[in-house]
Amino acid sequence: MMLMTRERRPLRRLNLTSEFERIHNLVDELMNEVFGSWITPSLTTTPNPTQTTTWLPLVNMWQSGNELIVEFYLPGVSKDSIELHVTEDTLTLSGKCPTPWGNNTPTVYRYEFPAGEFYRQMTLPFSVNPEKVSAKFENGVLRV
């Protein structure tokens, strides 16, 4: 009979934060492979700065009295590059946000701001009159 001994090592402490981040990155990569990077903005992965992507602007929507108010967060986007279309039941926003380096391809060490084309279409919770729609763009927020 052969006796086997096992080396005793101190238990390693698990870093749950890094484990959750690793799992989040794996799920993020899977979602990007299946649906493309436009489906969910990533919190932990860094996109390729030379790749053109479509991103979703963040949105707030609420009702005040008989008005429907929709706000889009569009930092770095110029007013002239925004297209807004409203029908009775749908709101569509599209446009483009340039990268800070223009057409050059620099060495990028961190890239988290959204850039490239954006597109967001949503069904409104109730019918609206498109002729009464107004929009105001101020400090990177479009309020419709």
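Taken together, the values in this text are just the output of simple stated rules run on the coordinates, not laboratory data. Owing to the predicted nature of the structure, the values given are computational and were not obtained by experimental measurement. So basically every Cβ, Gly included, is an ideal-geometry build from the backbone, and we count neighbours across all protein chains shown.
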**Message:** Quick check: pseudo-label points 7 Å beyond the Cα along Cα→Cβ at Thr54 and Leu84, how many nm apart are they?
**Reply:** 2.1 nm
**Message:** Within 15 Å, Cβ to Cβ, of Cys97, how many net charges do the neighbouring residues add up to if Lys/Arg are +1 and Asp/Glu are -1?
**Reply:** -1
**Item:** Total formal charge among the other residues, if their Cβ is under 15 angstrom from that of Ser64, Lys/Arg +1 and Asp/Glu -1
**Value:** +1
**Asked** Under 19 Å from the Cα of Lys79, which lysines turn up, not counting those fewer than eight places away in the same chain?
**Response** Lys96, Lys136
**Prompt:** In a shell of Cβ-Cβ distance under 13 Å around Lys79, excluding Lys79 itself, what net charge do Lys and Arg (+1) and Asp and Glu (-1) give?
**Reply:** 0
**Prompt:** Measuring from label point to label point, each 7 Å out along Cα→Cβ, what is the Ser127 to Glu71 span in nm?
**Reply:** 3.0 nm
